[in-house]
Amino acid sequence: MGFFPYAVLIAGLAALLPAAHVPRSGADWIELAWGLGMYVCCYNVWWARDWARRACGILAIAGAVILPIKIITDDFIRGSTVLTVYISIGIPLCLALAWYSSRPKTREAMRTVREAIARARAVPG
């Protein structure tokens with residue numbers, strides 16, 4: 001599966017770092033929930049669960065929508081550097097995760113990993 005679980009982990013971390021303070025607004029709570037959801041998906045993608053692949057795609061699309069809303073509602077309080085990072089890295093990362101999670105090859109790779117996990121569990125010892 002390669003980089004996919006790590007990309008989900010990075011996206012979750014990127015969402016949790018700015019929301020690490022006490023959430024003040026609804027957008028902060030949404031960002032915090034999104035980051036925690038990405039961590040849950042990361043753990044389950046690591047075990048090649050198909051629902052986690054789908055959930056990751058849905059959360060990634062939501063992240064691509066949440067980030068611009070968060071930027072607009074923050075009224076540019078954090079400064080232009082953070083906004084530039086959000087726009088230049090966050091949104092493309094979310095869109096790339098959504099694209100990758102919906103690819104048929106990703107589905108096949110996860111099926112292969114699930115079969116390998118099942119074979120490893122079936123071997124006694």
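The values are calculated or read from the model by the stated rules, or taken from the named source; none is laboratory data. All values reported here derive from a predicted model rather than from experimental measurement. When we count neighbours, we look across all protein chains shown, and the Cβ atoms used for this are built from the backbone with ideal geometry, even at glycine.
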Residue check, Leu93 under 20 Å from the mean Cα position of the chain (by Cα), of a type in the set (A, V, I, L, M, F, W, C) and at pLDDT below 80:
no
Taking the condition of being free of Cβ contacts under 8 Å to residues at least 12 places away in the same chain and either closer than 11 Å to Cys56 by Cβ or of a type in the set (Asp, Glu) (or both), how many residues in the range 100-110 meet it?
1
Please verify whether Tyr100 is at pLDDT 80 or above, hydroxyl-bearing (Ser, Thr, Tyr) and under 15 Å from the mean Cα position of the chain (by Cα), treating the condition exactly as stated.
yes
Of all the residues that make up the range 50-67, how many are surrounded by 16 or more Cβ atoms within 10 Å (Cβ to Cβ) and among the charged types (D, E, K, R)?
1
